[in-house]
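Okay, structure first, notes after.
The values are calculated or read from the model by the stated rules, or taken from the named source; none is laboratory data. Computed from a predicted model, the values in this text were never measured in an experiment. Neighbour counts are summed over all protein chains in view; Cβ atoms, including those assigned to glycine, are modelled from backbone coordinates with ideal geometry. With ligands, DNA and RNA removed, areas are computed over all heavy atoms of the protein, side chains included. Shrake-Rupley method; radii C 1.70, N 1.55, O 1.52, S 1.80 Å.
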Number of protein chains: 2
Amino acid sequence: MVAAVKVTPRLTIPVFKQAATRAVNLLRTIQFTHPPSCPCHSNPNHHHHHGGAGITPFARRSKRGYATPQDSSQLKEYAFEMAASSIRFGNGATQEVGMDLKNMGAKRVAVVTDSTVDRLTAMKQVRDALDSENVTYKVFNRVRVEPKDTSIKEAIDWAKPFGADAFLAVGGGSVIDTAKLMNLYSCYPDADFLDFVNAPLGKGRPVDKKLKPLIAVPTTAGTGSETTGVAIFDLVSKHAKTGIAHRNLKPTLGICDPLNTQTMPSAVKASSGLDVLCHSLESWTAIPYTERVPRPTNPILRPSYQGANPISDIFSLNALKSTVKYLPRSVKDPEDHEAQTQMMLAATLAGVGFGNAGVHLCHADKTSTPSGMSYPISGRNPGYQHAGYEVDTPIIPHGVSVAVSAPAVFRFTGPSNPERHLQAAECFGVDVSNAKRESAGEILADALAKFLADLGDQPRGLKELGFGSEHIEDLVEGTIPQARVLMLAPGLAKELQQEKDQLRRLFEDAMTH
Amino acid sequence: MVAAVKVTPRLTIPVFKQAATRAVNLLRTIQFTHPPSCPCHSNPNHHHHHGGAGITPFARRSKRGYATPQDSSQLKEYAFEMAASSIRFGNGATQEVGMDLKNMGAKRVAVVTDSTVDRLTAMKQVRDALDSENVTYKVFNRVRVEPKDTSIKEAIDWAKPFGADAFLAVGGGSVIDTAKLMNLYSCYPDADFLDFVNAPLGKGRPVDKKLKPLIAVPTTAGTGSETTGVAIFDLVSKHAKTGIAHRNLKPTLGICDPLNTQTMPSAVKASSGLDVLCHSLESWTAIPYTERVPRPTNPILRPSYQGANPISDIFSLNALKSTVKYLPRSVKDPEDHEAQTQMMLAATLAGVGFGNAGVHLCHADKTSTPSGMSYPISGRNPGYQHAGYEVDTPIIPHGVSVAVSAPAVFRFTGPSNPERHLQAAECFGVDVSNAKRESAGEILADALAKFLADLGDQPRGLKELGFGSEHIEDLVEGTIPQARVLMLAPGLAKELQQEKDQLRRLFEDAMTH
């Protein structure tokens, strides 16, 4: 425990209540956007599972006095569902993958990676493992880091004629996400690309059949993509980061081999670890699943990003504690294998947490409207070049772009659930025994700022990235790229303006921490 | 926090070290029995996945300096694998099951239950849900509570000609376990019953293909069977409790609806909750996976019961904390729905924990040699009739039979891992800040004894069940029913005698707590 952070409470009680309402409202919009025109709930193609009897669970529930069928769209959620890939964890476990694929009966495996990972030991291990089991495979190594719809379509075009009966992804989140979509569109060869993309940008069609087996071998300790049914990409035409999210996209097995993360440079360890930090903090502070509307009319429509729930909480909080403890060690000492191993575990735990609860302002929920504050931060880089990244063009790594706004975000969300924000601050070693509820956001923000400063080489706010007040409007627009789509929905325009005002203040607050 | 338990240390340090060695050795035998003649590792039929190249991962590992291929049977485990069913949790979630089966495309569903549950609301909900989605199904309601091989074979004989394309189990652990085996043997119609039964009683054949979808709807908060790949039964001819354990037996989905547990009488709530308590305590204190030998030569041979690992630990410890907090409330107040809900969650969490780590002395590992101390306690009942169970014949409910020996068991296992035993005692509210490591087992035993006494209506040891010193030999033999099988294995005879001595002392110690 470090000493209690000194806080000058900025808020009096009535102001605190307003702040709480504001934070909850924005979180609800960010986590659970559901315009009445959402195709996911109006397109008849998505209701072909509903059956003919016309009695939804809510009609049945009404008999028991819970609700009438008419108001089901206003009903809050009453259940949550936890799903995660099987996870194998161990130093050297990569070498088992040949036997795994053989055990599955795979005769034609699409190995998906990027050109960098293709030269690393992880891919050598994979090739050896497949060769020694005589598994037939072909390597696609042209995955783009931070994939775009165009790069994903190129990968799909490669996959379709190959006709894989199993997929093997070896790399970071970009590789694993791309492999998920190669698998999806190979199994639905006639689908239009936008069919499965999250509404409202795409049609939000649910994945209603099992895909081919996919084994994911992560080479970073960050995205947690090996456990989730989420794939994220940049939809260039809409200037938006969006994705496809469904439980059936989950890998069959994630092989977490800490030896594969040893090659990460220290700066990459830091930024991927900050991704883990924000995954765990955002899912831990997400609005609870019981506050989500509408209650799904069919379980297949229940989203992966459901809001915080009692099982995701366990994962998120454990991942947060581990990250606070092991990330600094892992960044500072390349020989600290214990810390690297624990960070790989934390990344996976956080993946299970956010993969079932969702994320919010830093990342945005990725399945719905906003792209999150990190998207325009990375995408509209005024020219910042992050230390330790040996690339030719300016870069704000994903983890850096999510963490840089985190102090401002959690200062803002504090009032929505002070207890959780204080518990999170406690994970950073803050003594919260005498902390005031009104200061919860401030306390967590300070703990985060101190953690980032101690980690080293992290920007102390948007200003150090080169952003100024002249960029704020652009950043806000980049966070809610589908503003016009939303404004078509009756009743939402005013709320949207309020939301933009809040985001404006959030970006201003994130200028320096 | 209650006041620290006063302990008179019974052990001096050198004696403590001996006790530690003794406890570790017995735990190792109980958790990870692997006689050299274990069919699972010698029967060539089980190696048909190994592939032709003849290079095992350990041969490859040897190149990297870890080990030589020759000694792979002595190598300790280096990886663990976590798998759990998807879990849906919510009051009333049972009514979604019709849509789930329809979503899966099921056209012919085998609904498995017992005659009691068949009359409860849970089955009414299930029938309504299936009818309203026009799902074709047939109900098998003759599952035997505490199934025997004979009752399971009867169920399999019903299932094979029915030709289900999906299974739905509605009931306690007996029902869910029976449904798993109906599914297994319907998918392997030509297999002999003993083929898949755990070695050495059966042939320990791995389940090498996907089975039909199975949805489990538990009606008790105890077994956690909805999340595990384990099915337990009494193999009558061998006087042994054994089972079949493989990840592929896992239900596709567990629907945990706390409304289904409202009908449990208070005494049933208590005994099923004690099952959860022991699942969580045993898996938390199990020997770590890295101490298990042999390292599997193919990942398909990695057992579900792997030993404690960093992910199972999270589940086990959370389940333990919840059980200590909510079980007494749930037993004392039938209207305390929060406590019932939390106990259902705890049962599932404990299921994920022990389903991946295993259990030990109270339950035994269920996949290997010993039946655990609970088996002969229940099976050789001298005539005890547990309060609150309205049955004609004497009965020691499963949860009672595991908990009655728990104080003696954890007093014995304490030296094997004092830190974990102290952490467990802390979950019971004991202040362990000044506790001595040598007293860890004693402290946990006392906390357990106090918890059982406060819960009410629990026997204060084997004596109150009617057992005396004259029964001990019989209880020991019942715990290790395959003694003769084991004694055929060279080198084990002496160890077995030592093990029996230890069990004798354990049963003596369990006479009164």
Seminar exercise, completed: Restricting the stretch A:112-126 to residues that are buried (at least 18 other Cβ atoms within 10 Å of the Cβ) and charged (D, E, K, R), the one farthest from the other protein chains (Cβ to nearest Cβ) turns out to be A:D114
For this session: Among the residues of the stretch A:389-414, write down those that are hydrophobic (A, V, I, L, M, F, W, C) and not in a helix (DSSP H, G or I).
Result: A:V391, A:I395, A:I396, A:V404
For this session: Output yes when any residue across the stretch A:120-132 is farther than 30 Å from B:I311 by Cα and touching a residue at least 12 places away in the same chain (Cβ under 8 Å), and no when none is.
Result: yes
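Is it the case that A:D208 is open to solvent by 10 Å² or more (accessible area, probe 1.4 Å), assigned to a strand (DSSP E or B) and among the charged types (D, E, K, R)? Show your work before the answer.
Details: open to solvent by 10 Å² or more (accessible area, probe 1.4 Å): yes; assigned to a strand (DSSP E or B): no; among the charged types (D, E, K, R): yes.
No.
Select, from A:A106, A:A129, A:A166, A:A155, the only residue that is within 11 Å of chain B (Cβ to nearest Cβ), at pLDDT 95 or above and open to solvent by less than 70 Å² (accessible area, probe 1.4 Å). Before you say what the answer is, go through the steps one by one.
Numbers: A:A106 fails: within 11 Å of chain B (Cβ to nearest Cβ); A:A166 fails: within 11 Å of chain B (Cβ to nearest Cβ); A:A155 fails: within 11 Å of chain B (Cβ to nearest Cβ).
Of A:A106, A:A129, A:A166, A:A155, the one residue that is within 11 Å of chain B (Cβ to nearest Cβ), at pLDDT 95 or above and open to solvent by less than 70 Å² (accessible area, probe 1.4 Å) is A:A129.
Take the stretch B:157-175 and flag every residue that is in contact (Cβ under 8 Å) with a residue 24 or more places away in the chain and assigned to a helix (DSSP H, G or I).
Within the stretch B:157-175, B:W158, B:A159, B:K160, B:F162, B:G173, B:S174, B:V175 qualify.
Within the stretch A:348-361, can one find any residue that is buried (at least 24 other Cβ atoms within 10 Å of the Cβ) and touching a Cys at 6+ places or on another chain (Cβ under 8 Å)? Steps first, please.
First, the residues of the stretch A:348-361 that are buried (at least 24 other Cβ atoms within 10 Å of the Cβ): A:348-361.
With the extra rule that they be touching a Cys at 6+ places or on another chain (Cβ under 8 Å), the set shrinks to A:348, A:359.
Taking every residue of the stretch A:348-361 in turn, at least one turns out to be buried (at least 24 other Cβ atoms within 10 Å of the Cβ) and touching a Cys at 6+ places or on another chain (Cβ under 8 Å).
On the given criteria, is B:T297 hydroxyl-bearing (S, T, Y), open to solvent by 30 Å² or more (accessible area, probe 1.4 Å) and either in the same structural domain as B:G429 (by TED's automatic domain parsing) or in contact with a Gly (Cβ under 6 Å, 6 or more places away or on another chain) (or both)?
Values: hydroxyl-bearing (S, T, Y): yes; open to solvent by 30 Å² or more (accessible area, probe 1.4 Å): yes; either in the same structural domain as B:G429 (by TED's automatic domain parsing) or in contact with a Gly (Cβ under 6 Å, 6 or more places away or on another chain) (or both): yes.
So B:T297 passes the test.
Mind checking whether some residue in the stretch A:436-455 is closer than 23 Å to A:S266 by Cα, modelled with pLDDT of 95 or more and in contact with a strand residue (DSSP E or B) (Cβ under 9 Å, 6 or more places away or on another chain)?
Of the stretch A:436-455, the ones closer than 23 Å to A:S266 by Cα are A:447-455.
Checking the rest, the ones that are also modelled with pLDDT of 95 or more come to A:447-455.
Next, from what is left, pick out any that are in contact with a strand residue (DSSP E or B) (Cβ under 9 Å, 6 or more places away or on another chain): A:447, A:450.
Yes, because at least one residue in the stretch A:436-455 is closer than 23 Å to A:S266 by Cα, modelled with pLDDT of 95 or more and in contact with a strand residue (DSSP E or B) (Cβ under 9 Å, 6 or more places away or on another chain).
One line per residue, one yes/no per condition, for (1) more than 13 Å from chain B (Cβ to nearest Cβ); (2) within 11 Å of the chain's Cα centre (by Cα); (3) farther than 27 Å from B:G98 by Cα:
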{"site": "A:F315", "(1), (2), (3)": "no, no, yes"}
{"site": "A:V331", "(1), (2), (3)": "yes, no, yes"}
{"site": "A:E338", "(1), (2), (3)": "no, no, yes"}
{"site": "A:T341", "(1), (2), (3)": "no, no, yes"}
{"site": "A:F354", "(1), (2), (3)": "yes, yes, yes"}
{"site": "A:M373", "(1), (2), (3)": "yes, no, yes"}
{"site": "A:P376", "(1), (2), (3)": "yes, no, yes"}
Problem set entry | The lone exception for A:N381 - which of (1) in contact (Cβ under 8 Å) with a residue 40 or more places away in the chain; (2) over 25 Å from A:A240 (Cβ atoms); (3) surrounded by fewer than 21 Cβ atoms within 10 Å (Cβ to Cβ) it fails | (2)
Exercise. With respect to the numbered conditions (1) at pLDDT below 70; (2) within 12 Å of another protein chain (Cβ to nearest Cβ); (3) open to solvent by less than 40 Å² (accessible area, probe 1.4 Å), which one is the sole condition not fulfilled by A:Y66?
Worked result: (3)
For this session: Given the conditions (1) closer than 21 Å to A:I232 by Cα; (2) buried (at least 24 other Cβ atoms within 10 Å of the Cβ), report the number of the one that A:L327 does not fulfil.
Result: (1)
For this session: Consider B:L194 carefully, then state whether it is within 20 Å of B:S330 (Cβ to Cβ) and either part of a strand (DSSP E or B) or open to solvent by 30 Å² or more (accessible area, probe 1.4 Å) (or both).
Result: no
For this session: Output yes when any residue across the stretch A:88-102 is more than 18 Å from A:K250 (Cα to Cα), within 14 Å of chain B (Cβ to nearest Cβ), assigned to a loop (DSSP other than H, G, I, E, B) and open to solvent by less than 10 Å² (accessible area, probe 1.4 Å), and no when none is.
Result: yes
Exercise. Does the stretch B:270-289 contain any residue that is over 15 Å from the mean Cα position of the chain (by Cα) and within 13 Å of another protein chain (Cβ to nearest Cβ)?
Worked result: yes
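For the stretch B:451-483, what are the residues that are in contact with an Asp or Glu (Cβ under 8 Å, 6 or more places away or on another chain) and surrounded by 15 or more Cβ atoms within 10 Å (Cβ to Cβ)?
Of all residues in the stretch B:451-483, those in contact with an Asp or Glu (Cβ under 8 Å, 6 or more places away or on another chain) come to B:469, B:472, B:480, B:483.
Those that are in contact with an Asp or Glu (Cβ under 8 Å, 6 or more places away or on another chain) and surrounded by 15 or more Cβ atoms within 10 Å (Cβ to Cβ): B:I472, B:I480, B:A483.
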Exercise. Among (1) under 27 Å from the mean Cα position of the chain (by Cα); (2) part of a loop (DSSP other than H, G, I, E, B); (3) surrounded by fewer than 24 Cβ atoms within 10 Å (Cβ to Cβ), where does B:T150 come up short?
Worked result: (2)
For this session: State whether the residues of the stretch B:176-187 include one that is open to solvent by 10 Å² or more (accessible area, probe 1.4 Å), assigned to a loop (DSSP other than H, G, I, E, B) and in contact with a helix residue (DSSP H, G or I) (Cβ under 9 Å, 6 or more places away or on another chain).
Result: no
Exercise. So, of the residues in the stretch B:224-238 that are open to solvent by less than 10 Å² (accessible area, probe 1.4 Å) and not polar (S, T, N, Q), which turns out to be farthest from the chain's Cα centre (by Cα)?
Worked result: B:L235
Problem set entry | Failed item, numbered, when B:G379 is tested on (1) modelled with pLDDT of 95 or more; (2) more than 23 Å from B:A453 (Cβ to Cβ) | (1)
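Yes/no per residue for (1) closer than 20 Å to B:G372 by Cα; (2) of a type in the set (S, T, N, Q); (3) touching a strand residue (DSSP E or B) at 6+ places or on another chain (Cβ under 9 Å):
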residue	(1), (2), (3)
B:D177	yes, no, yes
B:K180	no, no, yes
B:P189	no, no, no
B:G202	yes, no, yes
B:R205	no, no, no
B:V217	no, no, yes
B:T227	no, yes, yes
B:V236	yes, no, yes
B:A270	no, no, no
